[in-house]
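A.B. asks: Okay, handing you the structure first.
Please treat every number below as a calculation from the coordinates, not as lab data. Because the structure is a prediction, the values reported are computed rather than measured. Cβ atoms come from the backbone with ideal geometry, glycine included; neighbour counts cover every protein chain shown.
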Amino acid sequence: MRRAVHLGAAGLSAAAVLGLRLALVPASPAARPALPRPPDRRVTFSKDVAPIINKNCAPCHRPEEAGPFNLLTYEDVRTHARQIVTVTASRFMPPWLPEPGYGDFAGERRLTSEEIATLARWVAQGEAEGDSRDLPPAPRFTPGWQLGKPDLVLTMAQPYHLAATGVDVYRNFIVPATVTTTRYVKAIEIRPGNPKALHHANILVDPNGSCRRLEGHPGDGFSGMDVRTESESFDPESHFLFWKPGSQPYVEPDGRAWALKPGTDLVLNMHMQPTGKPETLQASVGLYFTDMPPVYHPMLLQLERDGKLDIPAGDPNFTVTDSFTLPLDVEVLGVYPHAHYLGTDLEGWATRPDGSREWLIWIKHWNLDWQGVYRYKRPVVLPRGSVLHMRYTYDNTERNPRNPFTPPRRVVAGNRATDEMGHLWVQVLPRQAEIGGKDSRIILQEAMMRHWLAKYPDDFVAHYNLASALASEGKLDEAVTNFAEAARAQPTDATAENGWGAALEAQGNLSAASAHYREALRLEPDDPDALYNLGNCLLQRDDFAAAAEQFRRLVQLRPDDSGARGKLARALGAAGTVLAGENRLDDAIRDFRESLALAPDSADAYNNLGGALARKGELAEAETDFERALQLNPGHSQARNNLRLVREEMTRQAAPR
Amino acid sequence: MLGLQGRKFVRVLIHTIAAAKRALAPLSLLFLGAVMLTGAVRASGAAQPTLHLLDTNGRLVDPFQGHARATVFIFVRTDCPVTNRYAPLIRRLHKEFTPRGVAFWLVYPSALATTAAILNHDRDFQFDCPALRDPHHELVKLTGADITPEAVVVVTGQRIVYRGRIDNQYVDFGVTRPAATTHDLADALAATLAGKPVAVASTRAIGCYISDLP
């Protein structure tokens, strides 16, 4: 008893001294002595401070990493001691935006109040080194690639030169993925090339090279904080490919890799900060593959309200909200909140059908510099009917120092740093991959797009994506309606006309489908999808010559497109047959020869060519072609028959009359 | 007159000035007189304190020796990212004000920074102004500087007419403006050269603390 009293008293006086000596350190609840009190012995670097620094600071504050100075030794730490006390007390460092208790995240970089108090006490007591025998083992860091040598390294085509001064730069660089077969990516890592200037990076997957047209010259990159890519197949963005310094790269668990197909571009969306001297950056992306194809297919859901982001100048408290009802049971794997410089308070939560609330994230003091992806330690399970919510608040006054405009101006949504955004990306994994034979992601996509249309009834992308989802679900009538709406929303967009045509084609309405493909080609004469679809549609309508014309243009545009070459060969072969039937033998022979140039292994084409030549009387050539047909397909009975006939005819002609 | 008795005291005094300025702007001149270097004693006839400031060749140097109309000390450290981001502006101010009779000195107060590290830093960031080392923190104590980068403007009679940030781009750790809206050091120099009092004589610098001596 006496002993307890004694300790308490000692603790109190120590705290009083502390309070005095640390008058400049912002008071935090941490400063209050917790029970039981830590020992009253002097705080030393070796025993008390080094473990905190090694775990929380050294991962970035070491050579070749992003921290501006090293924090590895006693001397490193002592020379920055007051800085450390200040920035830990204000929680500027280590950078970690989410409020504790509002989402249980993996890789949390947050000091406990006790740790912050220990650092403060160490400085207040004179920054003693202590006994080196107390030192914990020095942290072991892997230099370079954190996950070891990547399976594939892709490097920016040319270095980017960042000016010595000016505002932060958001720029996107296209890095073609040089894979020749589909690979499954389980992890990515970025080596910035210049760790002090690259603040963070996002990677976008651009399966169609749609971002290339945003570049002035290949390799230059293009500016913008947010990027939109297009994809011709429903293969939704499903993974956060985010990198920030000092964090261990995320490795997808077994079965959750993502497929990287040949011809895909990776787009490096980089946030760079001028350092005071001209810098050169040439980042590399390391890809780590697995042989295990994805079994689980997560999906990224986007809550947002950009359409309502019209923030009057001087408004200190502008709020937007969005909410989305889940059409099926999901596990929430992670979140990525995003706003620009006016954003202040970012909240995301879910309400279950039973009314209970689950916080997904709360960022009280948004700071774009430290944006990141937050993954849950354990997935958050939400049943069907749960509602995802976001509420973002913006400060467009001059009291917000980050305000891009002085004096403040009206700010609306956009992808420049001076525009604003309000996005909450939520990565969900449907608890069942299929429901009623339908891919759960399509169900989610349909619900998401309907939600989008409720917000933006005339939105092209929403109509288009909804129509695509409906078409793949076989809901063709509604798909046609939505493609029509999309085309109405953007009358100059060829993709909507093309999709419209495809839905009609699926309904069996080939003539209407052809008309929409032709409209798409009127809008964009070189649209490869429309060329292919129109050619295919014409093939089905037995209009072979016209079909061949479409495929020929496509092959000219994409000489390596083997599918298009095969279709052209087929169309030419069929066209040749028709011409031969009309006795236009020279035209037929020309088509057969062109077809064979594209597909030299077609026994049918040789047989047909031989037939046309035979009818023209070119028996020797015909014989050769029938022989080739039989070499390719010894069971080709027509060719065998034709060969017999042509040889008989040759014999007859050779015989003296 | 209040003498200076170390950094903490200076800071308190500065706060008083700032508060007084807000309330009674015309009084600021009077208070400014109070923000005086120990060195000001020299003006009133007492002995000059011996400073052991070194140039980058390791030679003793007296930055007060010349006939500058104003002398600017900018406290820097080689490993402070805020200091470094100010390098282009420091260079610009140096270029602009040197022909107008202002002497610029970069002050490296770290006892640990080697001469080689300082020379590398000067070269990498192209500061262009002469650098001196203050390994015993004599200038730190004289001027009351506590942060890098922090600017101190001294005029004849070794009166401090300005101490604080270069401009207001940095608001706090991790809070920066896209561009500065006040240009405190440039304004202080312009006013001083025009023979006018500096409107805001003291501001809070944001950056890295000057390390305590070992």
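A.B. asks: Output the relative contact order of the range B:91-214, whole-number percent, from Cα pairs under 8 angstrom with separation of 6+ residues.
C.D. replies: Here the relative contact order equals 24 percent.
A.B. asks: Now for a separate question. Restricting things to alpha carbons, tell me how big chain A is in terms of Rg and Dmax, in Å.
C.D. replies: Both quantities, over Cα of chain A: 33.2, 139 Å.
A.B. asks: Under a point spin-label approximation (7 Å from Cα along Cα-to-Cβ), what is the A:Arg213-A:Arg450 distance to one decimal in nm?
C.D. replies: In this crude label model, A:Arg213 to A:Arg450 measures out at 3.2 nm.
A.B. asks: List the residues of the range A:245-283 whose backbone N lies under 14 Å from a point placed 7 Å from the Cα of A:Ala433 along the Cα-to-Cβ direction.
C.D. replies: Of the residues in the range A:245-283, A:254-259 have backbone N under 14 Å from the label point off A:Ala433.
A.B. asks: Pulled fully out, how much extra length does the chain show between A:Ala655 and A:Glu75, if you take 0.36 nm times their separation in residues and subtract their Cα-Cα distance?
C.D. replies: Length difference between fully extended and current span is 198.0 nm.
A.B. asks: Next up: Mind jotting down the three principal axis lengths of the range A:59-119 based on Cα atoms? Whole angstrom, largest first.
C.D. replies: If we take the Cα atoms of the range A:59-119, the spans are 36, 27, 14 Å.
A.B. asks: Label the range A:92-185 by shape, choosing from rounded, prolate and oblate, from the square roots a ≥ b ≥ c of the eigenvalues of the Cα gyration tensor; if a/c is under 1.5 it is rounded, and otherwise prolate applies when a/b is larger than b/c, oblate when it is not.
C.D. replies: Here the range A:92-185 falls in the prolate category.
A.B. asks: How long is the gain from A:Gln248 to A:Val381 if the chain were fully straight, where each residue apart is worth 0.36 nm and the alpha carbon distance is subtracted?
C.D. replies: Here the answer is 45.3 nm.
A.B. asks: Right, next: Tell me, A:Phe222, A:Phe318 in order of fewest to most beta-carbon neighbours within 10 Å?
C.D. replies: Listed from fewest to most nearby Cβ atoms, that is A:Phe222, A:Phe318.
A.B. asks: Please give, to one decimal in nm, the separation of the simple spin-label points placed at A:Asn641 and A:Leu557, each 7 Å out from Cα toward the Cβ.
C.D. replies: It is 4.1 nm.
A.B. asks: Which FRET efficiency value, to the nearest 0.05, is calculated for A:Arg133 and A:Thr155 with the Förster distance at 41 angstrom and r the Cβ-Cβ distance?
C.D. replies: For R0 = 41 Å, the calculated efficiency reads 0.35.
A.B. asks: Lone cysteines in the protein assembly as shown, defined as no other cysteine's Cβ under 4.7 Å from theirs: which are they?
C.D. replies: Taking the Cβ cut-off of 4.7 Å, the unpaired cysteines of the protein assembly as shown are A:Cys57, A:Cys60, A:Cys211, A:Cys537, B:Cys129.
A.B. asks: Between A:Gln507 and A:Asn367, with labels modelled 7 Å along Cα→Cβ, what's the label distance in nm to one decimal, could you check?
C.D. replies: 5.6 nm
A.B. asks: Let me ask something else about it. Expressed in nm to one decimal, what extension gain is obtained for the pair A:Glu114 and A:Val295 from 0.36 nm per residue of sequence separation less their Cα-Cα distance?
C.D. replies: Value of the extension gain: 60.8 nm.
A.B. asks: In addition: Does the range B:58-214 come out rounded, prolate or oblate, given a ≥ b ≥ c as the square roots of the eigenvalues of its C-alpha gyration tensor, rounded meaning a/c under 1.5 and, failing that, prolate meaning a/b above b/c?
C.D. replies: Judged from the Cα gyration tensor, the range B:58-214 comes out rounded (a/c under 1.5).
A.B. asks: Provide the FRET efficiency to the nearest 0.05 for the A:Glu64-B:Thr98 pair, computing r from the beta carbons and using R0 = 45 Å.
C.D. replies: With a Förster radius of 45 Å, E is 0.75.
A.B. asks: Right, something else. Hey, with R₀ at 56 Å, roughly what FRET efficiency would A:Glu648 and A:Thr178 work out to, going by the Cβ-Cβ distance, to 0.05?
C.D. replies: 0.50
A.B. asks: Right, another one. So if I take the centroid of the Cα atoms in the range A:153-190 and the same for the range A:534-550, what is the distance between those two points in Å?
C.D. replies: Using only Cα atoms, the two centres lie 41 Å from each other.
A.B. asks: Can you classify the range A:256-366 as rounded, prolate or oblate using the Cα gyration tensor, where a ≥ b ≥ c are the square roots of its eigenvalues, rounded means a/c under 1.5, and otherwise it's prolate if a/b beats b/c and oblate if not?
C.D. replies: Because a/c hits 1.5 or more and a/b fails to exceed b/c, the range A:256-366 counts as oblate.
A.B. asks: Could you line up A:Phe240, A:Phe483 from fewest to most neighbouring Cβ atoms inside 10 Å?
C.D. replies: A:Phe240, A:Phe483
A.B. asks: Which angle between 0 and 90 degrees, to the nearest 10, do you get for helix A:562-581 versus the longest principal axis of chain A when only C-alpha atoms count?
C.D. replies: Taking the Cα atoms of chain A, the angle to A:562-581 is about 20 degrees.
A.B. asks: Report relative contact order for the range A:537-615 in percent, whole number only (criteria: Cα-Cα under 8 Å, sequence separation at least 6).
C.D. replies: 25 percent
A.B. asks: Another question about this same structure. Run the numbers on chain A and let me know its relative contact order in percent, using alpha-carbon pairs under 8 Å that are six or more apart.
C.D. replies: Once normalised by length, the contact order is 10 percent.
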